[in-house]
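Structure record follows, encoded as structure tokens.
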Amino acid sequence: MREAPIGVFDSGVGGLSVLKEIHQLLPNESLLYVADCGHIPYGEKSPEFIRQRCAVMADFFQQQGAKALVLACNTATVAAVADLRQRYPAWPIVGMEPAVKPAAAATRSGVVGVLATTGTLQSAKFAALLDRFASDVRVITQPCPGLVELIETGDLHSEALNRLLRSYIEPLLAAGCDTIILGCTHYPFLKPLLGQMLPSSIILIDTGAAVARQLQRLLADRDLLAVGHAADTQFWTSGSPEHLGKILPVLWNKSGVVRSFAL
């Protein structure tokens, strides 16, 4: 089982930001990635629909012999991680959550901004994070409809993306935020663009690296870490394999063969 792959999925290409962190920390691990681009964006879908899609992909990874599962999507984690852990109690499952705790610790002004999907911001899980870790700071939430779809095009320098992102950033700056949580796995790809829009004093926080470390801990606890293994990464998408293949060099920094995920 040490040489078995790890399954990672997202509603689209955003989870590639998490996949990169996993690959960097655990270079011996073989990775399976499914981009559910045919059903994006999850942030505007019902929890029931998202749970159904997550179950389909979890079953697929089980059939592929995966030794662990990573929900590289905040919205999917909110909707489905509890159900998946109940369904697969022996399977190491790692989810995402907005980095409220480190942001609350990092802020100097006492004002933290959150960029996230509507689904994440409206969830009980997010409300619980605020209650637990942000009682002493002011949190400004900014839903970002349309942002995921523009990132999915792979053009991270388009004028449309620039305008939309700026419209979401300006209210956070006006409110005095000095720390901004990137509460969707798509958003770390915007760091270069955000660097042009934000003062250098603004701290950006995402959770990709923390997810990779948690995965490493869970695998180590079960003696499942690959050792000296020739790692491989395989890709599937429920959208256009040709489109994902074109933007992999941009977001994954390497090309790859992409297969159709028709489930």
Within segment 52-61, does at least one residue satisfy the condition of being more than 20 Å from Phe261 (Cβ to Cβ), assigned by TED's automatic domain parsing to the domain that holds Gly14 and either in contact (Cβ under 8 Å) with a residue 60 or more places away in the chain or assigned to a helix (DSSP H, G or I) (or both)?
no
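Going through Ile169, Ile203 one at a time, which residue ends up being in contact with a helix residue (DSSP H, G or I) (Cβ under 6 Å, 6 or more places away or on another chain), farther than 28 Å from Ser46 by Cα and buried (at least 16 other Cβ atoms within 10 Å of the Cβ)? Steps first, please.
Values: Ile169 fails: farther than 28 Å from Ser46 by Cα.
Answer to the selection: Ile203.
Quick one: is Gly119 among the small types (Gly, Ala, Ser), touching a Leu at 6+ places or on another chain (Cβ under 7 Å), buried (at least 21 other Cβ atoms within 10 Å of the Cβ) and within 30 Å of Phe60 (Cα to Cα)?
On the way: among the small types (Gly, Ala, Ser): yes; touching a Leu at 6+ places or on another chain (Cβ under 7 Å): no; buried (at least 21 other Cβ atoms within 10 Å of the Cβ): yes; within 30 Å of Phe60 (Cα to Cα): yes.
Against the criterion (among the small types (Gly, Ala, Ser), touching a Leu at 6+ places or on another chain (Cβ under 7 Å), buried (at least 21 other Cβ atoms within 10 Å of the Cβ) and within 30 Å of Phe60 (Cα to Cα)), Gly119 does not qualify.
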Give segment 221-241 a look and list any residue that's within 16 Å of Ile40 (Cβ to Cβ) and either loosely packed, with under 12 Cβ neighbours inside 10 Å or not small (Gly, Ala, Ser) (or both), or say none.
Phe235, Trp236, Thr237, Pro241
Test of understanding: among Pro188, Pro145, which residue is in contact with a Ser or Thr (Cβ under 8 Å, 6 or more places away or on another chain), in contact (Cβ under 8 Å) with a residue 60 or more places away in the chain, assigned to a loop (DSSP other than H, G, I, E, B) and not assigned by TED's automatic domain parsing to the domain that holds Val34?
Pro145
Out of Glu44, Glu29, I need the residue that is touching a residue at least 60 places away in the same chain (Cβ under 8 Å) and surrounded by fewer than 21 Cβ atoms within 10 Å (Cβ to Cβ). Which one?
Glu44
If I ask for residues that are assigned to a helix (DSSP H, G or I) and either surrounded by fewer than 21 Cβ atoms within 10 Å (Cβ to Cβ) or not assigned by TED's automatic domain parsing to the domain that holds Ala68 (or both), which ones from segment 4-20 would you list?
Lys20
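Being hydrophobic (A, V, I, L, M, F, W, C), free of Cβ contacts under 8 Å to residues at least 60 places away in the same chain, surrounded by fewer than 16 Cβ atoms within 10 Å (Cβ to Cβ) and not assigned by TED's automatic domain parsing to the domain that holds Leu31 is true for just one of Ala90, Ala128. Which residue is that? Even if it seems obvious, please write down each step before you answer.
Details: Ala90 fails: not assigned by TED's automatic domain parsing to the domain that holds Leu31.
Within the list Ala90, Ala128, the selection yields Ala128.
The values are calculated or read from the model by the stated rules, or taken from the named source; none is laboratory data. Predicted, not measured: the structure shown is a model, and the values here were computed from it. Positions of Cβ are backbone-derived with ideal geometry, glycine not excepted, and every protein chain shown enters the neighbour counts.
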